[in-house]
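Heads up, the thing below is written out as C-alpha cells.
The values are calculated or read from the model by the stated rules, or taken from the named source; none is laboratory data. Everything numeric here is computed off the predicted structure, so don't read it as measured data. Backbone-built Cβ (ideal geometry, glycine too); neighbour counts: all protein chains shown. These accessible areas exclude ligands, DNA and RNA; they are computed on the full protein's heavy atoms, side chains included. Shrake-Rupley method; radii C 1.70, N 1.55, O 1.52, S 1.80 Å.
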Amino acid sequence: MSEEGISRSGFVAIVGRPNVGKSTLLNALLGQKVSIVTRKPQTTRHRIVGVHNLGDTQIVYVDTPGMHREEKRMMNRYLNQAAAQALADVDAVVLVVDARRWTDEDEMVLERLEGVTAPVLLAVNKVDRIPQKETLLPLMDRLAARRDFAAVVPLSAARGVNLEALEEEIAALMPSGPALFPEDQVTDRSERFMAAELVREQLMTALGEELPYATTVEIEAFEEEGRLRRIAAVVWVERPGQKRIVIGEGGQRLKHVGKGARKEMERLFDARVYLKLWVKVREGWSDDARALRSLGYDESGS
Ligand code: GDP
C-alpha cells in the first residue's frame with residue numbers, strides 16, 4: 001500500500017537485555033538486514049530505524065542500544081543516554097525476553113521501563129527452544145503479572161513464528177497520523193552508515209572476544225558511480241597491539257574482513273564495491289566525547 005493510504009503511524013522501540021533477540025526480531029519484521037546479528041552481546045551501538053507499512057498503518061522501529069550495567073566508560077554513557085532518549089518519544093515499546101530464562105538484567109530493563117508512559121508489549125522470544133509447550137502458558141502468566149502489558153505475545157524471531165500477531169498488536173497501538181517515511185525507505189541510515197556497520201559486523205565475526213571494545217569504523221570516502229561504490233574505511237583501535245591483532249599475520253585477517261564486508265555491501269547495495277580498509281591507532285579516543293561525536297556517536301541520536 002502506498003503512503004497515501006496510511007492513516008496511522010508511530011514509533012516503536014524494541015528493548016531488552018543483550019542476546020534476547022532484538023536485532024533478529026527487527027530484521028525478521030522488516031525482512032531485510034538493517035541491524036547487526038552476531039552471537040556476541042552488545043553489538044547494536046546505534047539507534048537504527050526501520051519502517052514497515054502494515055495495511056493503513058506505518059510502524060517506525062527504533063532499535064535501542066543495549067542497556068548496560070557498566071557505566072564506567074564514556075561509550076556506555078552514550079549508549080544509555082541513547083537508550084533512554086529512544087524511549088522518551090515512542091508510541092509503543094516492545095520488551096523482548098528469552099522464554100527460557102529471566103535474569104537480573106531483564107529485571108533491570110523492566111525497572112527502567114517503570115517511568116515509560118507508552119504502552120509496553122511483551123514479546124516472549126525463542127519459544128522454539130521450549131520443548132514442552134504446555135509450560136509456556138504459566139510462564140506467560142507469571143511474566144504478565146510483572147507489569148500491565150498491552151499484550152503478551154509468544155514468538156520466535158529466528159523461525160518467524162507469530163510475528164504477524166505481534167505486529168497486529170503493535171499496529172493497534174499506533175496513533176492517527178500520516179506516513180512518517182516514504183514506503184520504500186527501509187532504514188533512515190545511509191549506505192555510508194550501513195557500510196561502516198557491515199565492516200564492524202565482519203570484524204566482530206572474525207575477532208570475536210579478541211575484538212577490542214573501543215574499536216570503531218569510520219568511512220573516509222564513499223563515492224557512487226552508477227552501480228559502483230568506491231569505499232575507504234578506517235578501523236580505529238586504541239593501541240598498537242590491537243592494530244596487530246586486527247590486521248593479523250601477514251594481513252590475512254584484515255583481508256578476510258574486507259572481503260566479507262565487500263560481499264555483504266554488494267548484496268545490500270546491489271552494486272559492485274571497491275573497498276579499501278586501514279587500521280589506525282587513536283589513543284584514548286573512547287573517553288573523549290568530541291572524538292565520539294566526530295565518529296557519529298551523537299548525543300541527539302540523529
Ligand atoms: P540482541 O542482542 O537482543 O539484539 O540479540 P540477537 O538478535 O543478536 O540474538 C542473539 C542470539 O539469539 C542470536 O544467536 C540469535 O540467532 C538468537 N535468536 C534470536 N531469536 C531467536 C529465536 O527465536 N530462537 C532461537 N532459537 N534463537 C534466537
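Here are some notes:
- Evaluation of Leu254 against the conditions (1) over 21 Å from Leu211 (Cα atoms); (2) at pLDDT 95 or above; (3) of a type outside the set (Gly, Ala, Ser) shows that the sole unmet condition is (1).
- Given (1) out of contact with any strand residue (DSSP E or B) (no Cβ under 7 Å at 6 or more places or on another chain); (2) at pLDDT 90 or above; (3) more than 18 Å from Asn27 (Cα to Cα); (4) not aliphatic (A, V, I, L, M), index of the condition Gln202 fails: (3)
- Of the residues making up segment 113-142, those that are within 15 Å of the ligand (Cβ to nearest atom) and open to solvent by 60 Å² or more (accessible area, probe 1.4 Å) are Arg129, Pro131, Lys133.
- Filtered residue count, segment 205-220, keeping only those that are touching a Ser or Thr at 6+ places or on another chain (Cβ under 9 Å), modelled with pLDDT of 85 or more and not β-branched (Val, Ile, Thr): 2
This table checks each residue for (1) more than 30 Å from Val257 (Cβ to Cβ); (2) not assigned by TED's automatic domain parsing to the domain that holds Ile14.
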site: Pro138; (1), (2): yes, no
site: Asp141; (1), (2): yes, no
site: Ala150; (1), (2): yes, no
site: Asn162; (1), (2): yes, no
site: Ser176; (1), (2): yes, yes
site: Glu210; (1), (2): no, yes
site: Glu220; (1), (2): no, yes
site: Arg229; (1), (2): no, yes
site: Glu238; (1), (2): no, yes
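Here's the yes/no breakdown for (1) modelled with pLDDT of 95 or more; (2) among the basic types (Lys, Arg); (3) in contact with a helix residue (DSSP H, G or I) (Cβ under 9 Å, 6 or more places away or on another chain):
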{"residue": "Val120", "(1), (2), (3)": "yes, no, yes"}
{"residue": "Pro131", "(1), (2), (3)": "no, no, no"}
{"residue": "Leu137", "(1), (2), (3)": "no, no, no"}
{"residue": "Met174", "(1), (2), (3)": "yes, no, no"}
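- Across segment 73-90, not a single residue is classified as under 23 Å from Met140 (Cα atoms) and modelled with pLDDT of 85 or more.
- In segment 130-151, the residues that are over 17 Å from Pro119 (Cβ atoms) form Cβ pairs under 7 Å with partners that are at pLDDT below 90, at six or more places apart or across chains, as follows: Ile130/Leu136.
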